[in-house]
Amino acid sequence: MLNYFSRKLSLLFFITFGVTVFVFSLNYMFPTDVLSSMSGLTNISEQDYLAISEKYHLNQSVFIQYFAFIGRILEGDWGVSFITGTSIYEQVFRVLPATIELAIYALFYSFIIAIPLGVLASSETYPWLDKSILALSIIGFSMPIFWLALLLILVFSIGLGWFPTSGRLSLIYNIPSSSGFLLWDILRSNVDYKAEAFVDALRHLALPSFVLAAYPTTVLIRTTRQSMKDVMNTNYVKAAKAKGLSTSQLLRRHGLRNGLLPVIQMLGMHFGTVITLAMVTEVIFAWPGVGSWLVDAIHQRDYPAIQGGLLVISGMVFIATILFDLLYMIFDPIARIRGHGKI
Amino acid sequence: MVKFRFFSSPNNSSPLRQLWRLFQRNHFALVASWVFIFMILMAILGPLLAPYSPYMQQADMLLVPPSWDVNGYIQSPFGTDALGRDILSRILAGISYSFGLAIVAVALALSLGLLIGTLAGFSKGIRASFLNHILDIALTMPSLLIAIVIVAILGPGIANSFWAVVLAMLPQFIHHIRTEVADLLDKDFVIAYRLDGANNWQVFRFALVPNMIENIVIFSTMAISAAVLDIVVLGFIGIGAQSPEPELGTMIADSLGVFYLSPWTVMLPGITLFLCILSTNIVGDGLRHALKERRLQ
C-alpha cells in the first residue's frame with residue numbers, strides 16, 4: 001500500500017515536472033516575443049526591456065529561467081492578459097469553480113442514471129432490455145456533444161420553453177460571490193429571494209449538465225454492465241445464490257461491491273475527457289467557466305492566458321486522475337500490484 | 001456453449017476471414033458497415049459528385065428549404081444556407097473534410113505508432129521505463145485537450161487541426177501497440193521462432209503482425225470515431241477549420257445564427273456527422289464482439 005502510494009506520488013511529481021516544462025517551453029513556441037508571452041506586456045519600450053528581462057532572468061540560461069518560472073507560478077504571479085491587462089491568476093481562479101461545478105454535477109447525474117441501467121442491462125432475465133439499453137448507449141456515445149446540445153436547446157428551450165438557453169443565473173438575481181460555486185453561494189447568502197434564485201440556478205444547470213452527462217453515462221453503462229456480468233458469473237456469487245440469497249441481497253452484499261470497482265477506475269480514466277467536453281459545453285451554453293475562457297483566449301491569441309488556462313486544466317485533470325486512482329486502490333487491494341501506463 | 005458439433009466441419013479459413021464471417025452474423029453491424037463503406041466512398045468521390053462548388057453563393061436562393069418541403073427546389077435537394085450555398089454540395093465536401101481527414105489521420109497515427117510502439121516494445125530497461133513515464137503523462141491528457149493545445153500553438157486552420165489530431169492520438173497508439181508487442185514477445189511461440197534463428201524483423205513480420213492485426217483494426221476503428229469527433233469539435237468551437245471551408249462542425253457553427261429560422265442548415269450536417277460516427281462505432285463494436293466469439297471457439 002505504502003509502496004503504491006509512493007509510486008503514485010513520484011508519478012505526480014514527474015507529471016508536474018513534465019507539465020511545467022511543457023508550459024514553460026510554450027513561451028518559446030508561441031509566435032511572439034518571449035518576454036511578452038512571459039510577462040503579458042505587449043508594448044515594451046526599449047528602456048524597460050532590459051529591466052524587465054532582468055526580472056525574468058532572460059539573459060541567463062534556460063534552467064535559471066525555468067526555476068524563476070516555477071517560483072513565479074508558486075507566488076501567483078502568472079503575468080497579465082494581453083487583452084484585459086489584468087492578472088491571469090485571478091481570472092483563472094475566478095472562472096474555474098463554474099467548470100468544476102458543471103463537471104461534478106454531470107458526473108453525479110451520470111452516476112445516478114448509469115449504475116441502475118447498467119445493472120439492469122447485465123441481468124440475463126430480460127435480454128431485450130439489455131439490447132435496448134446498449135443501443136441507447138451507443139447512440140449517446142456517437143452523438144457529437146454540440147449537436148446534442150443544439151437539439152436539446154431547440155426542443156426544451158425554444159420549443160417548450162422549460163429551460164433557459166445560456167448562462168448560470170438569471171440577471172435579476174444578485175448573489176454575492178464568495179466561493180465561486182453558485183449553488184453553495186446561494187445557500188450561504190442572506191438575500192430574501194434565496195429559494196427563487198436556487199430554483200433558477202438549477203434550471204440553468206439542467207441542460208448543460210444533461211448534455212455533459214451523456215458521454216460519461218454511456219461509458220459507465222457499458223462498464224457497469226460488463227463488470228456486473230463478470231461478477232455475477234463468479235463462483236462466490238453462485239455459492240451465495242446456492243445458499244439461498246435473494247437477488248437484492250446478492251446485489252447488495254456481493255454484486256455491487258465488486259462490480260462497481262471498475263466503475264471508479266473508469267471515472268478516473270474519463271475525467272479528463274469530461275473536462276474537455278465541459279469546455280465545449282461551456283462554449284455552447286455561454287457558461288462562464290474556464291473552457292469558454294480558454295477558447296476565447298485562443299481566438300484572441302492571448303498567449304499568457306492560454307498558458308495559465310492549460311496549466312490549470314491539465315493540473316486539475318492530473319490531480320483528479322491520481323485521486324481516483326488512489327480511491328480505486330483503497331477499495332481494491334488487487335489493483336495495487338500493477339504496472340505502468342494504465343492510468 | 002455447445003460442446004459437440006457433429007455437423008460442423010473444421011474451419012481452416014484465415015483468422016481475418018473467420019472474423020468477417022462472425023461479423024456478418026450481426027445484421028446491425030453489417031448494415032453499419034455498408035453505411036461506413038458508403039461514407040468512405042463519399043469522402044473520396046463526394047467532391048466530384050457535388051452539383052455545385054461548396055463555396056458558390058447564389059444571392060437569389062437564400063435559405064431555401066430542402067426539396068421535400070413545399071417551398072423547396074429540386075436544384076438544391078438539401079436546400080441552401082444563409083449565403084445561398086448549396087447544402088448538399090457542402091455536405092459532400094464536408095464528409096471528405098471531417099470523415100476522410102479523420103481516416104487519413106488515423107492511418108498516419110497508426111503507422112507512426114506501429115513504428116515507435118514496436119521499437120519501444122522490443123526495448124528494455126531504462127529506455128522502456130523512460131518511455132513509460134512519458135506515456136503516463138500523455139495518456140492522462142485527453143486527446144481533445146492535446147489537440148486544443150497544439151492548435152493553440154500552431155494557430156487555427158484545417159491543416160493544423162489535422163496535425164493536432166494525429167499528434168494527440170499518437171500516445172494511445174504507441175501505448176496500445178507497445179503493450180501488445182511486449183505481451184507477445186513473452187509468448188512461447190515467439191521464443192520458439194527466435195530459437196529457430198529469426199531476426200527482429202522476421203519476428204515482427206511473421207510472428208507479431210499476424211497476431212496483432214485484428215486488435216489493431218478494432219482499435220483503429222474506434223480511433224476513427226474519436227478522430228472525427230475531435231476534428232469536428234475543433235471546427236465547431238472555431239479553432240479548427242475556418243469559416244468558408246465546408247467542414248461539418250464549422251458548417252454547424254456558421255449556421256447557428258439562422259438555426260431557429262431554418263433548422264435544416266444545422267440538422268442535415270449534424271445527421272451526416274451522426275451517421276458517420278454511429279456507423280464507425282457500430283462496426284468497431286461488431287468487430288470486437290466477433291473477435292471475442294472467435295477467441296472462444
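How many of the residues making up segment A:4-35 are touching a residue at least 12 places away in the same chain (Cβ under 8 Å), over 21 Å from the mean Cα position of the chain (by Cα) and assigned to a helix (DSSP H, G or I)?
8
Within 18 Å of A:Ile145 (Cα to Cα) and surrounded by fewer than 16 Cβ atoms within 10 Å (Cβ to Cβ): which single residue out of A:Ala242, A:Ala286 fits that description?
Working: A:Ala242 fails: within 18 Å of A:Ile145 (Cα to Cα).
Going through A:Ala242, A:Ala286 in turn, just one is within 18 Å of A:Ile145 (Cα to Cα) and surrounded by fewer than 16 Cβ atoms within 10 Å (Cβ to Cβ): A:Ala286.
Given the options B:Ser111, B:Ser98, B:Ser129, name the one that is in a helix (DSSP H, G or I), of a type outside the set (D, E, K, R), within 14 Å of chain A (Cβ to nearest Cβ) and without any contact (Cβ under 8 Å) to a residue 24 or more places away in the chain.
Every option except B:Ser129 fails the conditions.
So, of the residues in segment A:199-238 that are surrounded by fewer than 17 Cβ atoms within 10 Å (Cβ to Cβ) and farther than 29 Å from A:Leu134 by Cβ, which turns out to be nearest to the chain's Cα centre (by Cα)?
Looking at the filtered set, the residue picked out is A:Leu202.
Under the condition of being crowded, with 23+ Cβ neighbours inside 10 Å and outside any helix (DSSP H, G or I), which residue from segment B:243-274 is farthest from the other protein chains (Cβ to nearest Cβ)?
Ranking the qualifying residues of segment B:243-274, first place goes to B:Pro246.
Find the residue count for segment B:224-248, including only residues that are over 22 Å from B:Ala109 (Cα atoms), small (Gly, Ala, Ser) and touching a residue at least 24 places away in the same chain (Cβ under 8 Å).
1
Residues that are surrounded by fewer than 16 Cβ atoms within 10 Å (Cβ to Cβ), at least 2 per element: which helices (runs of 4 or more DSSP H) completely within segment A:86-155 meet that? Break it down stepwise before answering.
Working: elements: A:88-122, A:127-142, A:145-152.
Hits in segment A:86-155: A:88-122, A:127-142.
Okay, residues lined up against (1) of a type in the set (S, T, N, Q); (2) within 14 Å of chain B (Cβ to nearest Cβ); (3) under 28 Å from A:Ile221 (Cα atoms); (4) out of contact with any helix residue (DSSP H, G or I) (no Cβ under 6 Å at 6 or more places or on another chain):
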| residue | (1), (2), (3), (4) |
| --- | --- |
| A:Phe69 | no, no, no, no |
| A:Leu96 | no, no, no, no |
| A:Pro127 | no, no, yes, yes |
| A:Leu134 | no, yes, yes, yes |
| A:Trp147 | no, yes, yes, no |
| A:Leu154 | no, yes, yes, yes |
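One residue is enough: does segment B:275-291 have a residue meeting the conditions more than 14 Å from chain A (Cβ to nearest Cβ), assigned to a helix (DSSP H, G or I) and at pLDDT 85 or above? I'd like the intermediate steps shown before the answer.
First, the residues of segment B:275-291 that are more than 14 Å from chain A (Cβ to nearest Cβ): B:290-291.
Checking the rest, the ones that are also assigned to a helix (DSSP H, G or I) come to B:290-291.
Next cut, at pLDDT 85 or above only: B:290-291.
Yes: segment B:275-291 contains one or more residues that are more than 14 Å from chain A (Cβ to nearest Cβ), assigned to a helix (DSSP H, G or I) and at pLDDT 85 or above.
Testing A:Phe82 on (1) assigned to a helix (DSSP H, G or I); (2) under 23 Å from A:Ala297 (Cα atoms), one condition comes back false. Which one is that?
If we test A:Phe82 against (1) assigned to a helix (DSSP H, G or I); (2) under 23 Å from A:Ala297 (Cα atoms), just (1) comes out false.
Select from segment B:152-172 the residues that are touching a Phe, Trp or Tyr at 6+ places or on another chain (Cβ under 9 Å) and within 12 Å of another protein chain (Cβ to nearest Cβ) and list them in ascending order.
Our first condition is that a residue be touching a Phe, Trp or Tyr at 6+ places or on another chain (Cβ under 9 Å); within segment B:152-172, this holds for B:152-154, B:158, B:172.
Across segment B:152-172, the qualifying residues are B:Ala152, B:Ile153, B:Leu154, B:Gln172.
Which condition from (1) of a type in the set (A, V, I, L, M, F, W, C); (2) assigned to a helix (DSSP H, G or I); (3) at positive phi is the one that B:Leu63 breaks?
Result: B:Leu63 passes all but (2).
Please go through segment A:21-47 and pick out each residue that is more than 9 Å from every other protein chain (Cβ to nearest Cβ), buried (at least 17 other Cβ atoms within 10 Å of the Cβ) and either in contact with a strand residue (DSSP E or B) (Cβ under 8 Å, 6 or more places away or on another chain) or modelled with pLDDT of 80 or more (or both).
A:Val23, A:Phe24, A:Asn27, A:Ser39, A:Gly40, A:Leu41
Conditions: (1) in contact with a Leu (Cβ under 7 Å, 6 or more places away or on another chain); (2) under 28 Å from A:Leu327 (Cα atoms); (3) hydroxyl-bearing (Ser, Thr, Tyr). A:Thr20 meets all but one. Number of the miss?
Against the list (1) in contact with a Leu (Cβ under 7 Å, 6 or more places away or on another chain); (2) under 28 Å from A:Leu327 (Cα atoms); (3) hydroxyl-bearing (Ser, Thr, Tyr), A:Thr20 comes up short only on (1).
Identify, please: which residue in segment A:161-192 is assigned to a helix (DSSP H, G or I) and of a type in the set (A, V, I, L, M, F, W, C) and is, among those, surrounded by the most Cβ atoms within 10 Å (Cβ to Cβ)?
Taking segment A:161-192 as the starting set, the residues that turn out to be assigned to a helix (DSSP H, G or I) are A:182-188.
Now drop any that are not of a type in the set (A, V, I, L, M, F, W, C), which leaves A:182-184, A:186-187.
On the way: A:Leu182: 21, A:Leu183: 17, A:Trp184: 13, A:Ile186: 23, A:Leu187: 11.
Result: A:Ile186.
The values are calculated or read from the model by the stated rules, or taken from the named source; none is laboratory data. The shown structure was predicted, so the numbers you read here are calculated from the model rather than taken from an experiment. Glycine also receives a Cβ, built like all others from the backbone with ideal geometry; neighbour counts cover every protein chain displayed.
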